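Have a look at the structure below, then the notes.
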Amino acid sequence: MADCESCKGAFAPERVNDKLARNLESFFPNCACEQFSVGTGSPGRIYDDEVLYRAFVDPTDVDPQTSDVSHSAFRWAHSNGLSVFRECASDDDVKTIVSELLAAKPGKPAKTVLALFRVRCRQIRSLTENRIEGAPRMFCVYDQTVLRMVDMGLPPVPTHAGIFFRHLLPSGVVRKHLQKDCETVLYKVISADRVDVAAFRGGLIVSLNEQSRAGAFVLQQH
Amino acid sequence: VTETTSIESTIPQKPGGTALLPLLATGHYDVTFAEWDVTLRVPMSTALNAASSLRACSFLPTVKDARLFCTAAKPDTTTNQLISSGAQTASVNLSFLFDLEAPSKQSSATEHAIARFKTFATYGDDWDDRGARAPNQEAIDGAMQFLSNLQPWHPAPFATIDREGNAIIELNDASTNYFSSIVFNSATHVELYAHRGDRPSAFFEGDVRSNDARHFLSVEMQISLP
């Protein structure tokens, strides 16, 4: 039975792992927790009209030379959630979220935002698994917040969100096949609206990229 | 450089039927209907020196130096309607797009994919600073070798790796709503995936040298292994 507290507990840091998406579907099927706000300090649950952004920093996900994005870049949705940030995020929130993405361990090459995409929440929530009777939804979108990697003592960024695949298994479909379907569907919907990184919020991300190249986002060793 | 031409012929009957299509004097084309999509097979015997037995699907035909590189076509809407209403024969227009630069573009794209794999091969554990495994060198070698099987009609390959150390080749053609991928878990163990238009996607996991894998590669990806 989904209630606010149990839903918040499902996203507790100790429960965040590669099986989070599957566990959510097991314990809170049908996106039951979407009716509650689950994030720490979140401005509230995510409404269908909200716009969400996803940034990619890894050259394995986006080819810096061609700007092509990989389908497998969306794999997080079927494991521990595809991180996105909300349109209502303040510039400070965006700075924090993006600088976390750019954080690299000492001695590693600096990361930069290679691509930024925009999608309306409704587009994700309206995707359905047509191989199952009743065509249930394929994804849930929660106002999930996550622990910071850089300033671990600070509270989570409240305008973070997560997209989770539901792992519904149509008859005759194995899990790896299903996960590929998940990536393919998300790729089509999210990669359709690429945002000009240079123009986004007056060059905010360009500035962060420059700071990253200058070594500003180096993870401390623990 | 592109140009367009079209052919017209009488074709069968019902979904799943086949007919010869006298497209060119030097060869013939088997046309098969399945779910209203046309499949073309170009026989090796054709004097056009087609690289192999090809199936049309979502790929564009390319021609260079009198060599025919694959074909892609669907019957027009009128044909679909005629067939679905039970007509015995129908005339179909198949449109072909010839891309004279496709072979050189594919060669360049393949070289770029190999260069990316070579870069990834230098990655160690935790290459993403989030705990990813180092790429499996045998998997990368297998993927790089596999790239040589791609032909000019294939979409430009996207080379990548995942956090489990697998090497991945993705073939994406947004213009025709086609996507396929080959995940190398090792030099020979693969996961094959293909998605085309509104059709159900297809998946195979096993030895890339097996008959089942070869069949999948041929039918779903138009790839013939040596």
Whole-percent carbon and sulfur share, accessible surface of the range A:118-222, 1.4 Å:
53 percent
Of the listed pairs A:Lys111/A:Lys188; A:Lys19/A:Lys188; A:Lys105/A:Lys180, which have alpha-carbon separations greater than 28 Å here?
A:Lys105/A:Lys180
On each of the three principal axes the extent of the alpha-carbon atoms of chain A, given in whole Å and largest first, is 53, 39, 34
Rank A:Tyr53, A:Gly81, A:His71 by how far each Cα sits towards the positive end of the charge dipole of the range A:22-100 (+1 on Lys, Arg Cβ; -1 on Asp, Glu Cβ) and give me just the farthest.
A:Gly81
Nearest 20 debye, what's the magnitude of the dipole of the range B:172-223 about its Cα centre given +1 on Lys and Arg Cβ and -1 on Asp and Glu Cβ?
100 debye
Value of relative contact order over the range B:102-226, rounded to a whole percent, pairs C-alpha under 8 Å and six or more apart:
19 percent
Heavy atoms of A:Glu87 accessible to a 1.4 Å probe, total area in Å² rounded to 10
90 Å²
To the nearest hundred square angstrom, how large is the accessible surface buried between A and B, total for both chains, probe 1.4 angstrom?
2400 Å²
Charge dipole of chain A built from unit charges on the beta carbon (Lys, Arg +1; Asp, Glu -1), centred at mean Cα; most positive-end Cα among A:Pro43, A:Phe28, A:Ser171 is A:Ser171
What helix-only [θ] at 222 nm does chain A give? Using -39500 (n - 2.57) per DSSP H run of at least 4, over all residues, to the nearest 500, the answer is -7500 deg cm²/dmol
Only Lys, Arg (+1) and Asp, Glu (-1) charged, at Cβ; the range A:181-222 dipole about Cα centre in debye:
160 debye
Charge dipole (debye, nearest 20) of the range A:1-112; +1 at Cβ of Lys and Arg, -1 at Cβ of Asp and Glu:
460 debye
Let me confirm one metric for peptide B:125-131, namely the mean number of other chain beta-carbon atoms within 10 Å of its residues' beta-carbons.
4
Over what distance in Å are the Cα centres of the range A:47-104 and the range B:118-148 separated?
23 Å
Please list, or write none, the aspartates and glutamates whose alpha carbon is within less than 14 Å of the alpha carbon of A:Lys8, excluding same-chain residues fewer than 8 places away.
A:Glu34, A:Asp143
Per residue of the range A:190-203, what does 6.51 cos²θ - 1.76 cosθ + 1.60 with θ = phi - 60° give for ³J(HN,Hα)? Whole Hz please, x for Gly and Pro, Karplus curve as stated.
7, 6, 5, 10, 7, 9, 5, 4, 5, 8, 5, 6, x, x
Honestly the range A:173-222 on the Cα gyration tensor test (a ≥ b ≥ c root eigenvalues; a/c under 1.5 rounded, otherwise a/b vs b/c for prolate or oblate) is just oblate
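The values are calculated or read from the model by the stated rules, or taken from the named source; none is laboratory data. What you see is a predicted model, and the numbers here were worked out from it, not measured in a lab. Heads up, the Cβs are rebuilt from the backbone with ideal geometry, glycines too, and the neighbour counts pull from every protein chain shown. For accessibility, only protein heavy atoms count, side chains too; no ligands or nucleic acids. Shrake-Rupley method; radii C 1.70, N 1.55, O 1.52, S 1.80 Å.
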